[in-house]
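Some notes on the structure that comes next.
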Amino acid sequence: MNNHSMNIKRGKFRRRRAVLAGIVLTLTMLMPFTAQAAQTEQMPGQKGKWLSDVVAISSGDYAVYAIKKDGTAWAWGGMRDRGLLGNGSIVPVKTPVRMHIDEVKDIAGGHMHALILRKDGTVWATGANEDGQLGIGTTSYQPVLEPVQVPGLKDIVSISANYNQSLALGADGTVWQWGSKDSVHTPSPIPGKLEGLPAIQAVAAGAWTATALDRDGQVWVTGSAVTEMNPDRLWEPTIVKSNGLGKAAAVAAGSEKAAALLADGSVAVWKNSKTYPTAGELLSPIKVKNAENASQLAGGSFSSFSIIKKDGTVWVWDSYMDASEYQAVQVEGIKGAVDLANTSLREQYALLSDGTVMKWTYHGGLGKPSKPQLVEDSIRVEINDATVDFTYPPTIVNNVSYVPLRGVFEQLGAKVTWVNPSNTVTVSKGSMNIVINLHTLNTTMNGKQIADQLKPFNENYTTMVPLRFVAEALGAKVNWVKEQHAIRIELPNP
């Protein structure tokens, strides 16, 4: 996710703490329901609705990451109980939430973990750690829910992650590796120097391989040639055959395959490893058709790749099935792309030069990618002009907007009490008392049943309950500001 094309991020490839994610309250408003993305032609009149001010994007298998101009990091997607969002929550989300880290330069997503490179050259990690992929000296099936620093790493300029492997590139050209680096050796929870390589300028993690680009434009690979438990099936640092293709300027990786952006703007792809010792040559690049004039390259889950051409258009291909040739197809409707990200869910993303992000799906072959849509930002909530951060974002369903109770109602002066034996939550202030049964979703206000249209419901293991009747009952004024995609809550004077 570096902002220059020569240090390309890796192909984005891709347990239990009980926390209550927060009760969410509803504000009914007259506005059309949308998913987290909308067509580009809707942009001009609804500018505040879209994710913006982004300078870099990346993804892992199940989460997508964005870095904004102010150095903050934002994430969406995720998997329950895994900590992929780095915000202390175990609940996946549809729209971006702020990660608990700042001064961010780069993010690299793996299968169930993420690495974060800060501007000071330190590396941080969040998520699953069963193979020590967080690099914190231990292994555990208990995920880390907020970013923690990886000890011993400094002056790092690039990171990459895939499956349960992590890589970091030092300013001096050294490569550091931890987690599950191949299918033979015991995973390491501590970063170790990858020996046998010359000075390196870019790295790309595969499922059990590491691809590295040296400063002379040669591509190297280490790790498993065949992913069976046989130490004879491992690559020592090995140069990828050039087949007369010339020097490389950038590299990317998927699961078994990798790709290189060549100095002449063309792209080549090859196979680093295979699951069984079957026929088929490894480390033998072939050029991708329709991929000329490329300026940036990104890999993805399994073997999907994408490129940005010099004219700002985006082209994609899938090399999951072994073939004698691969052909890129254009993502229609995208211009001015500056960064790329691909997930394991066939979702692909492009960052545009104006700081917005577009999304589409691509199922491989010569089939066309779906029509790109703008990624929607989370609804912003302000209390007396101060923006509130949520671990579970506001959302809109059937003309109704939802915002989390925690962080809102405590700031409104209400007392929120969780009663585990009865599986209820109460919100109280003065003479007002609201009781919500989290099992039946039955809700009362001062002992009276609320109307059916205001009853709570469950979403992503989170109970959603109405806002306006609660907020106004507690003496707050609530307004929807459409052009800013924001809810403003004004507290009365004390």
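The values are calculated or read from the model by the stated rules, or taken from the named source; none is laboratory data. Everything quoted here is computed from the prediction, not taken from an experiment. Neighbour counts run over all protein chains shown; Cβ positions are idealised from the backbone, glycine included.
Scanning the range 195-219 for residues that are crowded, with 22+ Cβ neighbours inside 10 Å and either in contact with a Ser or Thr (Cβ under 6 Å, 6 or more places away or on another chain) or assigned to a loop (DSSP other than H, G, I, E, B) (or both) turns up VAL203, ALA204, ALA205, GLY206, ALA207, TRP208, THR209, ALA210. When the residues of the range 220-264 are filtered to those that are out of contact with any strand residue (DSSP E or B) (no Cβ under 7 Å at 6 or more places or on another chain) and surrounded by 18 or more Cβ atoms within 10 Å (Cβ to Cβ), the one that is modelled with the highest pLDDT is SER255.
Reported count of residues in the range 156-181, each being more than 24 Å from the chain's Cα centre (by Cα) and of a type outside the set (S, T, N, Q), is 3. Taking the criterion of being among the small types (Gly, Ala, Ser), at pLDDT 95 or above and assigned to a strand (DSSP E or B), the residues of the range 284-303 that qualify are ALA294, SER295, ALA298.
Applying a threshold of 8 Å to beta carbon distances and a minimum spacing of six or more residues, or different chains, the list of pairs starting in the range 156-183 at a residue that is at pLDDT 95 or above and ending at one that is of a type in the set (Asp, Glu) and surrounded by 24 or more Cβ atoms within 10 Å (Cβ to Cβ) reads SER158/ASP106; ILE159/ASP106. Across the range 272-283, not a single residue is classified as among the aromatic types (Phe, Trp, Tyr), modelled with pLDDT of 95 or more and either out of contact with any helix residue (DSSP H, G or I) (no Cβ under 8 Å at 6 or more places or on another chain) or more than 18 Å from ALA249 (Cα to Cα) (or both). Do we have THR211 as of a type outside the set (Asp, Glu) and within 30 Å of the chain's Cα centre (by Cα) here? Against the criterion (of a type outside the set (Asp, Glu) and within 30 Å of the chain's Cα centre (by Cα)), THR211 qualifies. Among the residues of the range 57-80, those that are touching a Gly at 6+ places or on another chain (Cβ under 9 Å), in a strand (DSSP E or B) and buried (at least 20 other Cβ atoms within 10 Å of the Cβ) comprise SER58, SER59, ALA63, VAL64, TYR65, ALA73, ALA75, GLY77. Is there a residue being closer than 26 Å to LYS69 by Cβ, under 16 Å from the mean Cα position of the chain (by Cα) and at pLDDT 95 or above anywhere in the range 187-202? No, every residue in the range 187-202 fails to be closer than 26 Å to LYS69 by Cβ, under 16 Å from the mean Cα position of the chain (by Cα) and at pLDDT 95 or above.
Could you tell me whether VAL408 is hydrophobic (A, V, I, L, M, F, W, C), part of a loop (DSSP other than H, G, I, E, B) and under 26 Å from ASN384 (Cα atoms)?
yes
The listed residues are ASP102, ASP106, and the only one of them that is surrounded by fewer than 24 Cβ atoms within 10 Å (Cβ to Cβ) and in the same structural domain as GLY192 (by TED's automatic domain parsing) turns out to be ASP102.
On the stretch given as the range 360-374, residues that are crowded, with 22+ Cβ neighbours inside 10 Å and either among the acidic types (Asp, Glu) or under 20 Å from GLY109 (Cα atoms) (or both) total 1.
Inside the range 220-269, residues that are under 25 Å from the mean Cα position of the chain (by Cα) and in a loop (DSSP other than H, G, I, E, B) make up a count of 3.
For the range 411-428, the tally of residues that are more than 23 Å from TRP480 (Cβ to Cβ) and either assigned to a strand (DSSP E or B) or in contact with a strand residue (DSSP E or B) (Cβ under 9 Å, 6 or more places away or on another chain) (or both) stands at 11.
If I ask for residues that are crowded, with 22+ Cβ neighbours inside 10 Å and over 21 Å from SER255 (Cβ atoms), which ones from the range 311-330 would you list? Across the range 311-330, the qualifying residue is only VAL314. Condition check: among the hydrophobic types (A, V, I, L, M, F, W, C) and either in contact with an Asp or Glu (Cβ under 6 Å, 6 or more places away or on another chain) or outside any strand (DSSP E or B) (or both). Does LEU169 satisfy that? No; evaluated as a whole, the condition is false for this residue. The residues of the range 265-278 that are surrounded by fewer than 17 Cβ atoms within 10 Å (Cβ to Cβ) and either touching an Asp or Glu at 6+ places or on another chain (Cβ under 8 Å) or among the aliphatic types (A, V, I, L, M) (or both), listed by number, are GLY265, THR275, TYR276, PRO277. Summed over the range 138-156, the residues that are surrounded by fewer than 23 Cβ atoms within 10 Å (Cβ to Cβ) and more than 20 Å from THR174 (Cα to Cα) give a count of 10.
The rows are residues; the columns are (1) aromatic (Phe, Trp, Tyr); (2) at pLDDT 95 or above; (3) assigned to a loop (DSSP other than H, G, I, E, B).
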| position | (1), (2), (3) |
| --- | --- |
| PHE305 | yes, yes, no |
| ALA323 | no, no, yes |
| GLU332 | no, yes, yes |
| LEU340 | no, yes, no |
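Among the criteria (1) within 21 Å of the chain's Cα centre (by Cα); (2) under 19 Å from GLN373 (Cα atoms), the one GLU332 does not fulfil is (1).
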